[in-house]
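The values are calculated or read from the model by the stated rules, or taken from the named source; none is laboratory data. Because the structure is a prediction, the values reported are computed rather than measured. Cβ placement follows ideal geometry from the backbone for every residue including glycine, while neighbour counts extend to all protein chains displayed. Calculation scope for accessible area: heavy atoms of the full protein, side chains included, ligands and nucleic acids excluded. Shrake-Rupley method; radii C 1.70, N 1.55, O 1.52, S 1.80 Å.
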Amino acid sequence: MTMLKGKKIVLGITGSIAAYKACYVIRGLIKAGAEVQVVITPAGKEFITPITLSALTQKPVISDFFSQRDGTWHSHVALGLWADAMLIAPCTASTLGKMAHGVADNMLITTYLSMKAPVFIAPAMDLDMYQHPSTQENLRILQSYGNRVIEPQSGFLASGLEGKGRMEEPEKIVEFLERALSTDVPLTGKRIMITAGPTYEKIDPVRFIGNYSSGKMGFALAEECARQGAEVELVTGPVALTTHHPDIHRTDVESCEEMYQAATSIYTSCDAAILCAAVADFRPESIAEEKIKREHDDLIIRLKPTHDIAAALGQMKQEGQRLVGFALETNDEQQNALGKLERKNLDFIVLNSLRNEGTCFQSDENQICIISRQGQKDYPRKQKSEVATDIVNELASIL
């Protein structure tokens, strides 16, 4: 791949044990044809020496606002204008907090605040630090500013613990930048939210109201959006599926209320959303604190409506944002789908029918019709991965 050929990359390095991996990131970027300028924090120099980094980049490493030897001023503004991208790898919890709140107390942060080009962040920290609400909120804030987060991976950590917090591997980080900076993929620079899977509405501690959704269609859409260059926010109910593409950030939820809270928060910073989840329309009015015993011949459970996520996002939708819905119907399919399209302010709706046996719940295949205000397009029965391509191509055409 040659997407990075001639690109100017500012590489920010912070005080993490993962700083040694920055050498491999530099090597990958330069091998791909990029020019790399390192900006390192004072703490970063405790983990890796500027001499090593300078030898790899063939450029002096920048750490301070000016050189103590001769007073040479290092202009963060000039760096912000020079770069085609800024990558911070590794990025510690401390640096995340400073970036999110504009605490410009070192050269790296002032460079970030002056950056005109896209910014990519590869967090690295212990699992408890990564999971802490303040870290997660800082990541959310930075993403809302348009920054791209390269998700850390799970594995053995320097603390001796095992969990999520390992910086993504250098070759994967370079691949991430190559995809993101490519102009050959239609969804480059777009952030897309996808909901997937079922929701579970608790009756008591061991029982719930749910449905047969496997999440396969939503996960296929997430992979296809990422393949076409998008940064994907996947909000999924309880499913036995995993994601593969590094540009997919996954949020797991259980109930409609949890999915509603996640979706309404995330959509504000997205270019589009595809609402593929099979969300419960009703939930029990009250949840029993203990398992309900069989004491009578019948049991009456009073239900109340859940949040209408599609309608809520349709009301929130701003100019330039796109919203795609799904409709699973058993009768009057086109008429019901078109009514949902209008009521919920969707740009187009993907219609499934239970009349097409073996194409909905749990299946690897689907047969859809895409309905918009301009008309409808019917598609033959296909693998869900191929159906996802049809849907994402339709979305790309209106973004």
Looking at the P(r) of the chain, how many percent of alpha-carbon pairs lie beyond 39 Å?
28
For LYS8, enumerate residues with amide H under 5 Å from its amide H, sequence gap 5+ or separate chain, H modeled in the peptide plane.
GLU35, ASP84, ALA85
Extension gain, THR52 back to GLN315 (0.36 nm per residue minus Cα-Cα distance, nm)
89.3 nm
Suppose we keep just the DSSP beta bridges with both residues in the chain; what percent of those would be antiparallel, to 5?
35
For PHE326, residues with placed amide H under 5 Å, excluding near neighbours:
LEU275, VAL350
Each residue of the range 207-222 in order: what ³J(HN,Hα) in whole Hz does its phi give by Karplus 6.51 cos²θ - 1.76 cosθ + 1.60, θ = phi - 60°, with x for Gly and Pro?
10, 8, 9, x, 8, 8, 4, 8, x, 4, 5, x, 5, 5, 5, 4
Across the range 305-311, in residue order, what do the Karplus-derived ³J(HN,Hα) couplings come to in whole Hz, using 6.51 cos²θ - 1.76 cosθ + 1.60 with θ = phi - 60° and x for Gly and Pro?
x, 8, 5, 8, 5, 4, 5
Calculate the FRET efficiency for SER182 and ILE301 from the Cβ-Cβ distance with a Förster distance of 51 Å, rounded to the nearest 0.05.
0.45
Near the amide H of PHE208, under 5 Å away, which other amide H atoms are found, from residues 5 or more places off or on another chain, if H is placed in the peptide plane?
ILE203
Cα-projected label distance for SER144 with LYS172, points at 7 Å along beta-carbon direction, nm
2.7
Note down the magnitude of the dipole of the chain about its Cα centre, charges +1 on Lys and Arg C-beta and -1 on Asp and Glu C-beta and zero elsewhere, to the nearest 20 debye.
1080
Here FRET efficiency (C-beta to C-beta, LEU113 to ASP378, R₀ 56 Å, nearest 0.05) is 0.65
How high is the FRET efficiency between GLU394 and PHE156 when r is their beta carbon distance and R₀ equals 45 Å, given to the nearest 0.05?
0.60
Could I have the simple spin-label model distance between TRP82 and THR268, label points 7 Å from Cα toward Cβ, reported in nm to one decimal?
3.7
Once neighbouring chains are kept in place and the probe is 1.4 Å, which whole percent of the accessible area of the chain is contributed by carbon and sulfur?
49
Note: probe point = Cα of THR242 + 7 Å toward Cβ; backbone nitrogen < 12 Å; residues of the range 152-168 passing the test are 154-155
Treat each spin label as a single point 7 Å out from the Cα along the C-beta direction, and report the GLU365 to GLU137 distance in nm.
5.0
Exactly which chymotrypsin sites (Phe, Trp or Tyr not before Pro) in the range 98-203 are in a DSSP loop and have at most 13 other Cβ atoms within 10 Å?
TYR145
³J(HN,Hα) computed for each position of the range 235-242 - Karplus, 6.51 cos²θ - 1.76 cosθ + 1.60, integer Hz, glycine/proline x
9, 10, x, x, 9, 9, 10, 10
